[in-house]
Amino acid sequence: MSQAVEGAESSPFSVENLPYGVFTEGASAHRRLGVAIGDFVLDLATAARSTGLGSELAALLGWPVLNPLMAAGTDAWAEIRTWLTGLLSDGGNAAAVAPHLHRRPDVMLHLPFDVADYVDFYSSEHHAANVGRIFRPDSGALPPNWRHLPIGYHGRSGTVVVSGTPVRRPWGQRQGPADRSPVFAPSSRLDVEAEVGIVVGVPSQLGEPVPIGRFADHVFGICLLNDWSARDIQAFESAPLGPFLGKSFATSISPWVVPLAALRHARRQPPPRQEPLQSYLADGEPWGLDLQLEVEWNGTLVSRPPFGGMYWTGAQQLAHMTVNGASLRTGDLYGSGTVSGAEAGERGSFLELCWNGQQPVRLDDGTERTFLADGDTVTIRGTAPGHGGSRIGLGEVTGRVLPARPG
């Protein structure tokens, strides 16, 4: 059967996907909710009004951010998805849908939700082991607690930005091997971390942990995430506590939030465990996801990190994040941690790719890089398995490095 949007069936943004975002068109500053479908964005509010979606559900689609829809819960998400799928799967609806479509190249995409809290984890065993070998070559690659709990740090929600936002090189204190004392200067080891972001919709009560089996009751969807990192600033400040200024200057996310319902074919068992787990991390439905990421540096594909090998899943991270009674808020965002695989071409940070500057990366233009130079652009893309061997598109998150502000 033909679909309501020509070309959508073979697109990464097919009816099977329907990721949510926020857009503006032309000179208008009015932000609207949309879903990506083929080469277009469907204006959800106008489509809902014209096709008779119930008033309560339609009201959730009239906001300039996704937060009210995300807070509405699983029943509302399912009803709206059923309406959308029915509308867009039937070629007989093409004429009714057409007035509400906008070409994706003609719209501007914005931060899709108001970010409440931001937490970043450290959940790839390969990444954590690589970092350990780089910085602690004479001791164990993994910290003693690493296989017992998902390690993370609390980041800064106010500096989460949408894809395409330039990232300015940060200033901070650093101390290199030749420095007798710390210097205050722009970072000289600016890096990226290819991650998946998990977006919380339904909040929880303070003092009430969220069990691992309630993951899908609270999580609205996923996005791509780049946790920009100033490695030299991070190294000096992270003794004895964790990342602060080396991370908080910018975190970029993709403009599309892919709902969990679109990822049913990506579900998989997480890797086998090498340590016994506490019950709150073990007793629940597994939420491993077979996602494939790609990292481009100035247009050169330098890495293909496989998300399916992550040691800790999003459900375990959510359970750990709340096991002490910490509450969830609508718009909470947490990062998976850098995604790295076993092979050199699967490393999700430039710290690993260049092995802390010892092995420069050659780009297609013939230049060699270790860490990011001013003017460099990094793009992270991702896909997930769909029905019958198709691929679900996660979109992309991109950013260009601006020089540090004059001192």
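The values are calculated or read from the model by the stated rules, or taken from the named source; none is laboratory data. Every value quoted in this text rests on a predicted model; they were computed, and no experiment measured them. Here Cβ is always computed from backbone atoms with ideal geometry, including for glycine, and neighbour counts include all displayed protein chains.
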Q: Determine whether Phe244 is under 25 Å from Pro406 (Cβ atoms) and crowded, with 20+ Cβ neighbours inside 10 Å.
A: no
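Within the group Gly213, Gly176, Gly172, which residue is in the same structural domain as Ala315 (by TED's automatic domain parsing) and either in a loop (DSSP other than H, G, I, E, B) or among the polar types (S, T, N, Q) (or both)?
Working: Gly213 fails: either in a loop (DSSP other than H, G, I, E, B) or among the polar types (S, T, N, Q) (or both); Gly172 fails: either in a loop (DSSP other than H, G, I, E, B) or among the polar types (S, T, N, Q) (or both).
The conditions single out Gly176.
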Q.
Every residue in the range 130-147 that is under 24 Å from the mean Cα position of the chain (by Cα) and in a loop (DSSP other than H, G, I, E, B), please.
A. Trp146, Arg147
Q: Scan the range 229-246 residue by residue and report those that are more than 20 Å from the chain's Cα centre (by Cα), farther than 12 Å from Gln175 by Cα and touching a residue at least 60 places away in the same chain (Cβ under 8 Å).
A: Gly242, Leu245
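Where in the range 1-109 are there helices (runs of 4 or more DSSP H), lying fully within it, with 1 or more residues that are under 26 Å from Thr330 (Cβ atoms)?
44-51, 55-60, 67-71, 74-89
Which residue out of Ala45, Ala58, Ala71, Ala76 is over 22 Å from Gly395 (Cα atoms), at pLDDT 95 or above and within 20 Å of the chain's Cα centre (by Cα)? Steps first, please.
Numbers: Ala45 fails: within 20 Å of the chain's Cα centre (by Cα); Ala58 fails: within 20 Å of the chain's Cα centre (by Cα); Ala76 fails: within 20 Å of the chain's Cα centre (by Cα).
After applying the criteria, what remains is Ala71.
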Q.
Residues that are assigned to a loop (DSSP other than H, G, I, E, B), under 21 Å from Asn356 (Cβ atoms) and not polar (S, T, N, Q): does the range 117-129 have at least one?
A. yes
Q | Residue in the range 252-268 that is basic (Lys, Arg), closer than 30 Å to Leu66 by Cα and in a strand (DSSP E or B) present | A | yes
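Results for (1) crowded, with 21+ Cβ neighbours inside 10 Å; (2) in contact with a Leu (Cβ under 7 Å, 6 or more places away or on another chain); (3) in contact (Cβ under 8 Å) with a residue 12 or more places away in the chain, shown as yes or no for each residue.
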| position | (1), (2), (3) |
| --- | --- |
| Ala342 | no, no, yes |
| Gly366 | no, no, no |
| Arg369 | no, yes, yes |
| Thr377 | no, no, yes |
| Leu394 | yes, yes, yes |
| Arg405 | no, no, yes |
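Do the conditions hold for Ser279, that is, is it surrounded by 21 or more Cβ atoms within 10 Å (Cβ to Cβ) and over 16 Å from Gly197 (Cβ atoms)? Lay out the reasoning, then the answer.
On the way: surrounded by 21 or more Cβ atoms within 10 Å (Cβ to Cβ): no; over 16 Å from Gly197 (Cβ atoms): yes.
No: the conditions fail for Ser279.
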Q. If we keep just the residues of the range 127-183 that are touching a residue at least 12 places away in the same chain (Cβ under 8 Å) and among the basic types (Lys, Arg), which is surrounded by the most Cβ atoms within 10 Å (Cβ to Cβ)?
A. Arg174
Q: Quick one: which residue in Gly341, Gly348 is within 23 Å of Val162 (Cβ to Cβ), in contact with a helix residue (DSSP H, G or I) (Cβ under 7 Å, 6 or more places away or on another chain) and assigned by TED's automatic domain parsing to the domain that holds Pro270?
A: Gly348
Q: Answer yes or no: is there a residue in the range 154-163 that is in a helix (DSSP H, G or I) and in the same structural domain as Pro19 (by TED's automatic domain parsing).
A: no
